[in-house]
Amino acid sequence: MSIPPDEVEAPADDAVLFRSSPWRTFALLSGAVLLAYVAVSPLVELLMGAPDDPWWSTVAQGAVIGALVAGGYAVSARSGLSTWVRASSGGLELAAQGSDPVLLAWPDIDHVVVRRDGFRTVLDVTPVDLDRVHPVSEEHEGWPTIRDDDADPSGRPAFTADLTQIWPGPRVLRRELARRMH
């Protein structure tokens, strides 16, 4: 289980924290399912020749189905894996999907990419050298997931983190990383 960011002292006072937000994910997922249900229900009724239900009935059904789907996801093992990223003048801290946090000073980072992978938003952090990565906790048990494939332009291994549930969102993180990397 990952150490929460509240238990780790920030490397600098200007730190900006990005952390997974299960409630935000619940709200977004239930809203998306509700919208999809409301959009598709009239087409199904038309194709099946079903009697017209009042609009509020369709919305209520969509809300219940959206809450059930989002609730199922919220209690799943995937949702329980917390991710947090903290950017400051001291470097970039990363704890991804239940890993222990690591700290990379800005000069120790070759490049950082926030990219789309299907429906997910993913952060790839490529260190200059894995020996320059510092565990944040004394009971260091595991690093964030390391992607070691040909997708990285430098050919070096990169830490990867799923940012789908992160708040504030990936767009804000991308701006913060661009500000810090240059």
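The values are calculated or read from the model by the stated rules, or taken from the named source; none is laboratory data. All of these numbers come straight from a predicted model, not from anything done at the bench. Methodologically, a virtual Cβ is constructed for each residue, glycine included, from the backbone with ideal geometry; neighbour enumeration extends over all protein chains shown. Note: areas computed on protein heavy atoms with side chains; ligands, DNA, RNA excluded. Shrake-Rupley method; radii C 1.70, N 1.55, O 1.52, S 1.80 Å.
A few points about this structure:
- Extension reserve of the residue 119-residue 181 stretch, reckoned as 0.36 nm per residue once the Cα distance is removed: 19.7 nm
- Residue 146 versus residue 27: modelled label distance in nm, points set 7 Å from Cα along the beta carbon direction: 3.8 nm
- A simple rule links phi to the HN-Hα coupling: the Karplus curve 6.51 cos²θ - 1.76 cosθ + 1.60 with θ = phi - 60°, which for segment 163-178 gives 9, 4, 9, 6, 9, x, x, x, 5, 5, 5, 4, 5, 5, 5, 5 Hz, with x for Gly and Pro.
- Split the chain at each of the GluC sites (Glu not before Pro) in a DSSP loop with at most 12 other beta carbon atoms within 10 Å, and the longest piece is 10-137.
- Per atom type, the chain shows carbon and sulfur on 61% of its accessible surface, probed at 1.4 Å.
- Take every pair of alpha-carbon atoms less than 8 Å apart whose residues are at least six positions apart; their mean separation over the length of segment 22-77 yields a relative contact order of 59 percent.
- Top of 71, 91, 118 by mean-square fluctuation, Gaussian network on the chain, Cα under 10 Å: 118
- Å² of accessible area per residue within the chain, as computed with a 1.4 Å probe and no ligands counted: 57 Å²
- Within the chain, helix-based [θ] at 222 nm, where runs of 4 or more DSSP H residues each add -39,500 (n - 2.57), nearest 500: -11000 deg cm²/dmol
- Between 0 and 90°, nearest 10: helix 22-48 axis offset from the chain longest Cα axis: 30 degrees
- In order along segment 121-130, the phi-based Karplus estimate (6.51 cos²θ - 1.76 cosθ + 1.60, θ = phi - 60°) of 3J(HN,Hα) comes to 10, 10, 9, 10, 10, 9, x, 4, 8, 5 Hz; Gly and Pro are listed as x.
- This structure gives P(r) over Cα pairs in 10 Å bins from 0, in percent, computed directly, and of (i) 9, 37, 38, 14, 2, 0; (ii) 9, 33, 30, 19, 7, 1, 0; (iii) 9, 32, 28, 15, 10, 6, 1 that value is listed as (iii).
- In order through segment 59-76: 3J(HN,Hα) via Karplus (6.51 cos²θ - 1.76 cosθ + 1.60), integer Hz, x for Gly, Pro: 5, 5, 4, x, 5, 5, 5, x, 5, 5, 5, 5, x, x, 5, 5, 8, 6
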